[in-house]
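Novice: Just passing along the structure, written as structure tokens.
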Amino acid sequence: MKFKNPLCPAAQPKVIENLYHLVQSGAESFGDKVLYYYERGGEEKQFTYRDLFHHVNALGTALSDIGLFGKTVAITGDTCPEYIASYLAVVNGGGVIVPLPKELEIANFADFVRISGAEGIIFTGSMNRSILENKELFPGVTQYIAVEPEEGSGCLSYASLIERGEEMLAQGSVVFTEHPIDMEKMCAIIFTSGTTGSSKGVMLSQRNLTAATNSSCQSMSYDYTNTFISFLPPYHTYEMTCGQFAIMNLGASIKINSSLKRTIKDMASFKPNALMLVPLFVETMHKKIWDEIDKRGMRAKVKAAMKLSDALLAVGVDKREQFFGKITASFGGNLKSIVCGGAAVNPQIIKDFHSFGILIIEGYGITECSPLVAVNRPGAIRLRSVGTPVEHCQVKIDYDENGDTGEILVKGDNVMIGYFNNPQATAEAFTEDGYFRTGDIGYMDKDGYIFITGRKKNVIILSNGKNVFPEELEEYLYTIPEILEAVVIGRKDKNGEPRITAICVPDMTKLEGVPAEEIEERIRSKVTAINKRLPLFKQIAVTEIRYDEFEKTASRKIKRFKVV
């Protein structure tokens, strides 16, 4: 299928030297242009590029007055301009930022604060009580900074620090504005999501984050004319590097999603022309489209229109807006492209969205690489591939003895310093010639496109020596409409031999009122049909049904190590 490229940037992105240059040049180039549209207290608010520069300078300067300049600071809560400004103020003042999910249980949150050695915590309104009512869990923390403080909380307010920083700047302080940037020094600790049961602290430098920001801009056909909505949590390196830093480097505008419940409403009102998402969001959007089509009894007509539209597009006639404008109107009507990373997207979803006029661009990243490694380019997309390596990033495959697939290895300015206080894990993560071992298995075609087949830690090794990657089988399972979630494992039988076992959670929104026996029979019969298309050694031997969703990490990844 030939994918049409709807993206034609009007300007080339600038190359930033560091994250302070990012903020400073943004103010110089885009000034009073709105960077963020957001809601607070029921009111619509705006935050410009000049505002960001001002906040970063003022807060960075004030941190020197409260003993946090150059120190380690944890940050948690919701995406907002103050969160982004705080992140940039800490790292550009020689400090270390530790972004933590607000969804963490407070005891786990406290563990990460303790492990990182954070001496301060910056938090948004949703975390006020959780943090301040558990101060005894943070013996090493000397300062608590609330973005939206409650009366009588007894902590510092973000606004008061901005005022203090303004006064210091007016008196001539240059402690922050002229602080030298050390590109090699650790400036962020990102704790991995721990889907395999072990969370490590990834140490990133300004060189790492700057390289990933630049390569993100250089790989995409976006510019200052684009409008985005921020949906992903800010502790995600993908969100911070690609969804915040890269977008502000372009001079584009971002609407901060007010809540997941208002996702569709925000898209309809803000009318973004581009998004950066993970597959879960894309799958939800796709499901919403087809549910609405089915509700109207229009599936056959829409399918026929898609076939006709695709045929016309193949000969250069684009009628998608005319044919499918009512469908895409629910997303604002202007959406032309979605960059998607974090996991594989079903190719059929990509085809459907393209038929409707929205280009999905798959990429590949890992926290240890800040995170961007590879991405499909808008004019050169290959299904099932995560694209080619980004600029200044080298990728090679450590092929196994069969020469078909192997571990993906990465080297470049985007690759982490190492794991925090874990020299053994750091040493094990790199090859002798300095390549980072991603733990992902795949191959590269003759044109340099990377195809990921699974995770090294998840591989099922059969008694005959054959390797089976659960992710491949799970992709098949997700084509079954009745399945909401699925995990494939190699469960050992009484003889100790691994048997390929699929554990499936039914999608009860589609099966309301259907007896359990019928649900299970439907799913098992469709798994049997899938098996007929697979080599014998890859076939699913056992299909189990469970009705509780799998336990997930804060970033909504299934915790495989808990599936037994």
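Novice: In 10 Å bins starting at zero, report the fraction of Cα pairs in the chain per bin as a rounded %.
Specialist: Bins of 10 Å from zero give 3, 16, 27, 27, 18, 8, 2, 0 percent of pairs.
Novice: Shifting gears a bit: Only four residue types carry charge here, +1 at the Cβ of Lys and Arg and -1 at the Cβ of Asp and Glu. Report the dipole size of region 459-562 about the Cα centre in Debye, rounded to the nearest 20. Could you put the intermediate results ahead of the total?
Specialist: Numbers: 19 positive and 18 negative charges, 109 e Å.
Rounded to the nearest 20 debye, it is 520 debye.
Novice: Is the C-alpha gyration tensor of region 240-323 telling us rounded, prolate or oblate? Criteria: a/c under 1.5 is rounded; beyond that, a/b larger than b/c is prolate, otherwise oblate. All intermediate terms of the calculation are to be shown ahead of the outcome.
Specialist: Numbers: a/c = 2.65, a/b = 1.55, b/c = 1.71.
Oblate shape, in that a/c is at least 1.5 and b/c is the bigger or equal ratio.
Novice: Moving on to the next point. Restricting to the chain, what percent of DSSP beta bridges are antiparallel, rounded to 5?
Specialist: Taking every DSSP beta bridge with both residues in the chain, the antiparallel ones total about 60 percent.
Novice: What order do you get for Glu239, Glu475 when you list them from fewest to most C-beta neighbours inside 10 Å?
Specialist: If I rank by nearby Cβ atoms, fewest first, I get Glu475, Glu239.
Novice: When ranked by the protection proxy of mean other Cβ atoms within 10 Å per residue, highest first, what sequence do the peptides 134-140, 325-331 form? Each step should come with its number before you reach the end.
Specialist: Values: 134-140: 13.1, 325-331: 16.0.
Packing proxy ranking, top to bottom: 325-331, 134-140.
Novice: Between region 465-515 and region 150-164, what's the alpha-carbon centroid distance in Å?
Specialist: Their Cα centres are 51 Å away from one another.
Novice: Fewest first, what order do Met298, Met168 take by the number of other Cβ atoms within 10 Å?
Specialist: Met298, Met168
Novice: Something else about it: Given the C-alpha centroids of region 96-113 and region 31-69, what is the distance between them in whole angstrom?
Specialist: Comparing the Cα centres of region 96-113 and region 31-69, I get a distance of 23 Å.
Novice: Using alpha carbons only, how many angstrom separate the centre of region 360-400 from the centre of region 127-147?
Specialist: Between the Cα centres of region 360-400 and region 127-147 lies a distance of 39 Å.
Novice: Among 126-132, 408-414, 456-462, 176-182, how do they line up by average Cβ neighbours within 10 Å per residue, starting with the highest?
Specialist: Descending packing order for the listed peptides: 408-414, 126-132, 456-462, 176-182.
Novice: Is there a quick way to get the dipole size of the chain? I mean about its Cα centre, with the Cβ of Lys and Arg at +1 and of Asp and Glu at -1; what is the value in debye to the nearest 20?
Specialist: 2060
Novice: Just name one of Phe469, Ile106, Gly95: the one whose Cα is farthest towards the positive end of the charge dipole of the chain (beta-carbon charges, Lys/Arg +1, Asp/Glu -1).
Specialist: Phe469
Novice: Give the residue from Phe69, Thr237, Cys340 lying farthest towards the positive end of the charge dipole for the chain; charges sit on Cβ (+1 for Lys and Arg, -1 for Asp and Glu) and the dipole is referred to the Cα centre.
Specialist: Going by the charge dipole, the pick is Cys340.
Novice: Is the shape of region 39-120 best called rounded, prolate or oblate, per the rule: a/c under 1.5 gives rounded, else a/b larger than b/c gives prolate, else oblate, with a ≥ b ≥ c the square roots of the Cα gyration tensor eigenvalues?
Specialist: Since a/c reaches 1.5 but b/c is at least a/b, the shape of region 39-120 is classed as oblate.
Novice: Rounded, prolate or oblate: pick one for region 179-241, where a ≥ b ≥ c are the square roots of the eigenvalues of its C-alpha gyration tensor, a/c under 1.5 means rounded, and failing that, prolate if a/b is larger than b/c, else oblate.
Specialist: Here region 179-241 falls in the oblate category.
Novice: Over the chain, what relative contact order in percent results from Cα pairs under 8 Å that are six or more residues apart?
Specialist: On the way: 1063 pairs, mean separation 67.4, N = 564.
Here the relative contact order equals 12 percent.
Novice: Another question, if that's okay. In straight Cα distance, which aspartates and glutamates are under 16 Å from Lys135, not counting same-chain residues fewer than 8 positions off?
Specialist: Qualifying aspartates and glutamates at Cα under 16 Å: Glu105, Asp111, Glu119, Glu150.
Novice: With a sphere of radius 14 Å drawn around the Cβ of Gln24, what net charge do the other residues whose Cβ falls strictly inside it have (Lys, Arg +1; Asp, Glu -1)?
Specialist: Net of charged neighbours comes to -2.
Novice: For a quick protection proxy, order the peptides 346-356, 419-429 by their average other-Cβ count within 10 Å, most packed first.
Specialist: 346-356, 419-429
Novice: If contacts are Cα pairs under 8 angstrom and at least 6 residues apart, what is the relative contact order of region 459-562 in percent?
Specialist: 24
Where a number appears in this text, it was derived from the coordinates with a stated rule and is not lab data. All values derive from a computational prediction rather than experimental measurement. Here the Cβ is made from the backbone with ideal geometry for all residues, glycine too, and neighbour counts use every protein chain on show.
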